[in-house]
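A.B. asks: This structure is in structure tokens; I'll ask about it shortly.
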Amino acid sequence: MKMRRWSVLLSVLLILTAAITGCGGKEKAGRLKVGVRDDIMNFGYLNKETGRYYGMEIDLAGKLADELGYEGVEFVTVRPDNRKQMLLEGKVDCLIAAYSIADTRKENFDFSAPYYTDETGIMVEKSALFTGADDLKEKTIGVLSGSNAGPLLAQKLYDIGLITDKLISDTDEATEYEGARVIKAEKYSDLDTMLETGAVDAVCMDKCIAGTYMNENREFLDIVVAEQDYGVATQKDSDLSKPVADAIQNMLDDGTIDKLIDKWD
């Protein structure tokens, strides 16, 4: 009888331990599905020959999954024009995709503390002989469709007096202001080609992205369009929001993120 009682007691203890581990422990089943970029060198870049992703944000996703107790990461390529829907529809658990923290985005998503701060700049060909932002008057500037570079650029051009508040036309392909024209491209590689061929006089993008397309024949104008803080985005009020925010803050505090930035800078 004593042996039977001990056996029953042991079984109960094992069940309780499993329940406690499942509720408060670190181990989670499956992989963390992370929306990442595949076209930003040193941030999120896909080697199509090997099928492997590389970059600071890729490493950060791995560290985050480990911190949260997942078995690993499933990377899902997202683009500026679809990443919002991908997260809203639950096709990814979170976004680590050069996704800047903005008040308009906070209406739909929760964000971690910023893990990287970047500047949005304007890149030109040196052969254009531009000396400053004033040279953009009546010129054509390329931005990526779906990114917030377009609105930020328009605000900056208005602030420095290069455009007025008069909107001449606005389509999916281009926006015509009184003072400048903004063309919207589908891919960063398209912007690269448009700048090289002269289809646009300048391109506006975050400098970490522009670095992929910078060469000895190009330069940034001496103007900062805006500062961008990148954060990990999760669904609004989701069960994942606080654990992600806590994990990112821990990695900021212990220097993990600084080491990743140094590694890929």
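The values are calculated or read from the model by the stated rules, or taken from the named source; none is laboratory data. Keep in mind it's a predicted model, so treat the numbers as computed, not measured. Counting neighbours? That spans all protein chains shown, and the Cβs are built from the backbone with ideal geometry, glycine included. Only protein heavy atoms, including side chains, enter the accessible area calculation; ligands, DNA and RNA are left aside. Shrake-Rupley method; radii C 1.70, N 1.55, O 1.52, S 1.80 Å.
A.B. asks: Taking the range 71-82 only, how many residues are under 29 Å from Ile183 (Cα atoms) and either of a type in the set (Ser, Thr, Tyr) or open to solvent by 10 Å² or more (accessible area, probe 1.4 Å) (or both)?
C.D. replies: 6
A.B. asks: Another one. Of all the residues that make up the range 164-182, how many are basic (Lys, Arg) and surrounded by fewer than 17 Cβ atoms within 10 Å (Cβ to Cβ)?
C.D. replies: 1
A.B. asks: A further question on this structure: Quick one: which helices (runs of 4 or more DSSP H) sit completely within the range 183-265 and have at least 1 residues that are out of contact with any Asp or Glu (no Cβ under 8 Å at 6 or more places or on another chain) and open to solvent by 70 Å² or more (accessible area, probe 1.4 Å)? If you could, list the steps in order and put the result at the bottom.
C.D. replies: On the way: elements: 188-197, 207-210, 241-253, 256-264.
Filter on the range 183-265 gives 188-197, 241-253, 256-264.
A.B. asks: In the range 64-100, which residues are assigned to a helix (DSSP H, G or I) and more than 12 Å from Val34 (Cα to Cα)?
C.D. replies: Result: Asp66, Glu67, Leu68, Lys84, Gln85, Leu88.
A.B. asks: Can you give me the ranges of the strands (runs of 3 or more DSSP E) entirely in the range 101-163 with at least 1 residues that are open to solvent by less than 30 Å² (accessible area, probe 1.4 Å) and without any contact (Cβ under 8 Å) to a residue 60 or more places away in the chain? Walk me through it before giving the result.
C.D. replies: Working: elements: 109-111, 116-125, 140-144.
Ranges flagged: none.
A.B. asks: Criterion first (within 22 Å of Ile40 (Cα to Cα) and polar (S, T, N, Q)) does Thr175 satisfy it?
C.D. replies: Working: within 22 Å of Ile40 (Cα to Cα): no; polar (S, T, N, Q): yes.
So Thr175 does not fit the description; no.
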